[in-house]
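Novice: My structure is below; once you've seen it, I'll send some questions.
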Amino acid sequence: MSMTNVNTTHNFAPLKNDRLLKALRFETVDVTPVWMMRQAGRYLPEYKATRSEAGDFMSLCKDTARATEVTMQPLRRFDLDAAILFSDILTIPDAMGLGLYFETGEGPKFKRTLRTEADFKQLEPFIANDSLSYVMDAVTSIRKELNGLVPLFGFSGSAWTLATYMIEGGSSKDYRFTKGLLYSKPEFLHQVLAHVNAAIIDYLDAQIVAGAQIIQLFDSWGGALAHRQFVEFSHQYNKQVVAELKKRHPDIPVVVFTKGGGLWLDVQADSDADCLGLDWTMPLDKARVIIAEANKGSNKRTAIQGNLDPATLYGSPDSIRQAVKLMLDDAYATGEKTGYIANLGHGITQWVDPDNAKVFVDAVHSYQL
Ligand code: CP3
């Protein structure tokens, strides 16, 4: 059984930098908290070195000491306000028996797909602490290594996003088979989504018990849905994840990031998520207004996170500083100088010069509140 008081399981050091958690509670912060999606990764030469020692990406995820090491690497270079567990969203489909592998230059692939009732029946039973014990070991190890430096994010993909990978058998541009099921066998797709969602809840619960201090749900392909289908096939499942986590761990903040979901912020505000992540298509001043309007009449406040175009980091240091200033001006346009976490609008890419990532992080902290 999971307990609300997660710190009774392990004896972790108290947080030295809780700026990001304060911003989520709309408390006063000295400067804007910042982290980067995919902050551990191939743009860092030290990451590439550790991955080659491990052999391949999945071996790196399963190697507790090396997964801890690559989580810490960006924190040594940059003044980040959060760490994120080194793992992947595709660990759940892998544990369900689909056989995840990576083909160089082609992204993730699965040996088997999930498209029929027969495929569904063949899925391995999922119990987070058994099926993905290596992830919980990494969480606990990272939390110890951090020693209170910054809070640690745990994460999962959303049901919709994981289902697209399971059904397509890898990345996709058009989601042909997933959308095919949506329009031809919606009950079956719901059966898949409900099954995956139960695993996500169990998985995130286990990460919290292992030491995760904040959770992000990556609905990376939510924006591929038509507006009439977003609530039914993605949002309602995400909302259920948040509600269940809040029941079990009321003090653990949850960020929901639906890439391409800016148009549906009013809809997304209808959950107990503490924060909504935004990609670069959405002006932050507009986002604040829409969320405030949607929350009117309740005493709920929803923070925002994002949303610099990751490609900005291909520009000059001065152009990065200018873009950060414009973004923060938007985020604080209402005059309220909290409730906001600076980030990129999606993951940092492998082609970014690490020095430019440092310019981004430092520019956020230099902005006078
Ligand atoms: O630093 C961090 O953010 C923590 C680690 C992390 C990874 N993947 C490591 C990784 C996180 C949070 C993820 C999430 C993830 N994985 C998402 C959601 C976030 C998003 O970008 O929308 C998705 C869609 C995936 C699926 C995935 N995993 C893809 C498409 C790829 C290959 C393409 C790519 O961007 O590299 C991966 C592999 C992967 N996951 C790598 C890393 C560092 C690269 C693997 C390598 O070392 O070659």
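The values are calculated or read from the model by the stated rules, or taken from the named source; none is laboratory data. Remember, predicted model here, so these are calculated numbers, not experimental data. Virtual Cβ from ideal backbone geometry, glycine too; neighbours counted across all protein chains shown.
Novice: Pairs needed: first member in the stretch 156-177, under 13 Å from F257 (Cα atoms) and within 9 Å of the ligand (Cβ to nearest atom); second member anywhere, among the acidic types (D, E) and modelled with pLDDT of 95 or more; C-beta distance under 8 Å; at least 6 residues apart or different chains.
Specialist: Qualifying pairs under 8 Å: G157/D219; T161/D219.
Novice: Take the residues in the stretch 326-369 that are of a type in the set (G, A, S) and closer than 28 Å to L217 by Cβ, then tell me which one is surrounded by the most Cβ atoms within 10 Å (Cβ to Cβ).
Specialist: So the residue we want is A342.
Novice: In the stretch 274-309, which residues are on the phi > 0 side of the Ramachandran plot and either part of a helix (DSSP H, G or I) or touching a residue at least 24 places away in the same chain (Cβ under 8 Å) (or both)?
Specialist: Selection gives G306 alone.
Novice: Only residues that are in contact with a strand residue (DSSP E or B) (Cβ under 8 Å, 6 or more places away or on another chain) and either on the phi > 0 side of the Ramachandran plot or within 6 Å of the ligand (Cβ to nearest atom) (or both): list them for the stretch 36-47, please.
Specialist: If the condition is that a residue be in contact with a strand residue (DSSP E or B) (Cβ under 8 Å, 6 or more places away or on another chain) and either on the phi > 0 side of the Ramachandran plot or within 6 Å of the ligand (Cβ to nearest atom) (or both), then M37, Q39, A40 are the ones that fit.
Novice: So, in the stretch 54-65, of the ones that are assigned to a helix (DSSP H, G or I) and of a type outside the set (V, I, T), which residue ends up nearest to S141 (Cα to Cα)?
Specialist: Applying the filter and picking the extreme gives A65.
Novice: Shifting gears a bit: May I ask you to list the residues in the stretch 316-327 that are part of a helix (DSSP H, G or I) and either among the polar types (S, T, N, Q) or under 18 Å from T281 (Cβ atoms) (or both)?
Specialist: Once the filter is applied, which keeps residues that are part of a helix (DSSP H, G or I) and either among the polar types (S, T, N, Q) or under 18 Å from T281 (Cβ atoms) (or both), the stretch 316-327 yields S319, Q322, A323, V324, L326, M327.
Novice: Next question. Would you check which residues across the stretch 79-94 are farther than 17 Å from S133 by Cα and either away from the ligand (no atom under 12 Å from the Cβ) or among the small types (G, A, S) (or both) and list them?
Specialist: D79, D81, A82, A83
Novice: Given the options T28, T32, T50, T68, name the one that is more than 9 Å from the ligand (Cβ to nearest atom), assigned to a loop (DSSP other than H, G, I, E, B) and either crowded, with 18+ Cβ neighbours inside 10 Å or of a type in the set (A, V, I, L, M) (or both).
Specialist: Every option except T32 fails the conditions.
Novice: Could you list, in sequence order, the residues of the stretch 236-267 that are without any contact (Cβ under 8 Å) to a residue 40 or more places away in the chain, crowded, with 19+ Cβ neighbours inside 10 Å and away from the ligand (no atom under 16 Å from the Cβ)?
Specialist: Scanning the stretch 236-267 gives V242, W264, L265.
Novice: Okay, next question. Which of the following residues is closer than 24 Å to L98 by Cβ, crowded, with 22+ Cβ neighbours inside 10 Å and out of contact with any His (no Cβ under 7 Å at 6 or more places or on another chain): F188, F218, F230?
Specialist: Only one candidate passes the filter, namely F218.
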